[in-house]
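Here is the structure we will look at, set down as structure tokens.
The values are calculated or read from the model by the stated rules, or taken from the named source; none is laboratory data. All values reported here derive from a predicted model rather than from experimental measurement. Using ideal geometry, Cβ is built from the backbone for each residue, glycine included, and neighbour counts are taken over all protein chains shown. For the accessible areas, the whole protein counts, side chains as well, though only heavy atoms, and no ligand, DNA or RNA atoms are used. Shrake-Rupley method; radii C 1.70, N 1.55, O 1.52, S 1.80 Å.
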Amino acid sequence: MKYGIITDSGCDLTELIGIQNVLFQRVPLTLRVGETEYVDDTSLDIKLYMEDVKQCTSHTRSAAPSPAAWIDAFQQADEIIAITITSTLSGSNNSAQVAKETILSKDPSKKIHIIDSLSAGPEITLLVYKLAELMQKELSFDELVDQITQYQEKTHLLFILESLENLIRNGRVNKHIGKLVGMLGIRILGRASAEGELEVLHKCRGRKKAYEALLSSMIQTGYNGGKVIISHCFNEAGANHLRSQLLEQFPKCSIQIMPTGGLCSYYAEKDGIMLAFEAGISI
């Protein structure tokens with residue numbers, strides 16, 4: 001096959017429907033809960049995994065795919081664009097880069113480009129959809145890379161967290177601040193920063209105020225009716241509420257809702273929302 005889009009399981013999308021002649025494949029991370037190891041692929045029982053995480057009193061962490069796993073995926077098509085979860089959260093991007101260098105050392109004519117999403121979940125999904133669209137245009141590989149690079153500058157990720165327990169476990173949030181948030185019923189509105197870090201924007205008392213703050217932040221960032229992907233961790237009602245609110249203001253906007261995969265469920269936690277959108281693009 002000529003074109004291939006390869007992501008890690010930091011992407012919630014599991015299959016690319018309705019697109020011809022483009023390979024889509026996810027390379028799974030490994031999720032470890034104490035001594036139990038889960039593979040973050042489509043067979044993962046996320047509810048069971050999350051229950052195991054909640055009950056675990058020892059360590060929980062994720063492990064990036066090996067370079068060998070990326071090499072296997074890169075060999076499935078002639079021209080490959082790979083997208084990884086932000087390199088600030090995982091070594092997946094580094095592993096993919098090693099795989100690329102290994103392949104190119106043996107076959108310099110192979111075309112592989114790796115994107116550090118500087119994000120996760122639904123923002124990676126937006127990039128996948130755009131790549132699939134561009135690949136239908138028979139662009140040169142350099143044009144493909146140039147256009148997806150420009151597009152990435154217009155995509156953003158916001159998230160609402162109702163628990164910070166797993167971020168505390170991984171040392172990404174101060175333990176005392178995290179516990180205080182849980183006790184006071186505060187929701188965290190954050191974003192993926194330009195550097196790929198998780199950045200807190202607002203501490204909101206109650207779910208309703210958090211959703212209002214998210215919609216306000218979208219518009220302030222330049223949202224004007226472009227595509228939206230909403231991923232949720234067992235919170236379809238919250239995702240549907242956000243969709244209805246967006247459609248009131250932007251009736252023609254395209255909004256897709258999907259559940260978070262294993263890795264994003266771990267960080268979003270139960271009732272968490274991750275929302276990606278195009279800024280500066282009108283429908």
Of the conditions (1) over 17 Å from C11 (Cα atoms); (2) open to solvent by 10 Å² or more (accessible area, probe 1.4 Å), N166 clears all except one; give me its number.
(2)
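Considering only residues of segment 191-212 that are under 19 Å from the mean Cα position of the chain (by Cα) and of a type outside the set (D, E, K, R), which is farthest from D271 (Cα to Cα)?
Filtering first and then ranking leaves A194.
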Let me confirm something: among L118, L131, L126, which residue is out of contact with any Pro (no Cβ under 8 Å at 6 or more places or on another chain), among the aliphatic types (A, V, I, L, M) and on the phi > 0 side of the Ramachandran plot?
L118
By residue number, the members of segment 201-244 that are closer than 25 Å to K47 by Cβ, of a type in the set (S, T, N, Q) and open to solvent by less than 20 Å² (accessible area, probe 1.4 Å) are S231, N235
From A68, A77, A73, grab the single residue that is more than 23 Å from N166 (Cα to Cα) and without any contact (Cβ under 8 Å) to a residue 40 or more places away in the chain.
A68
Does any residue of segment 263-276 turn out to be surrounded by fewer than 21 Cβ atoms within 10 Å (Cβ to Cβ) and free of Cβ contacts under 8 Å to residues at least 12 places away in the same chain?
no
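Residues are listed down the side, and each one gets a yes or a no for (1) within 21 Å of C11 (Cα to Cα); (2) touching a residue at least 40 places away in the same chain (Cβ under 8 Å):
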position	(1), (2)
G185	no, no
T221	no, yes
L242	yes, no
M258	yes, yes
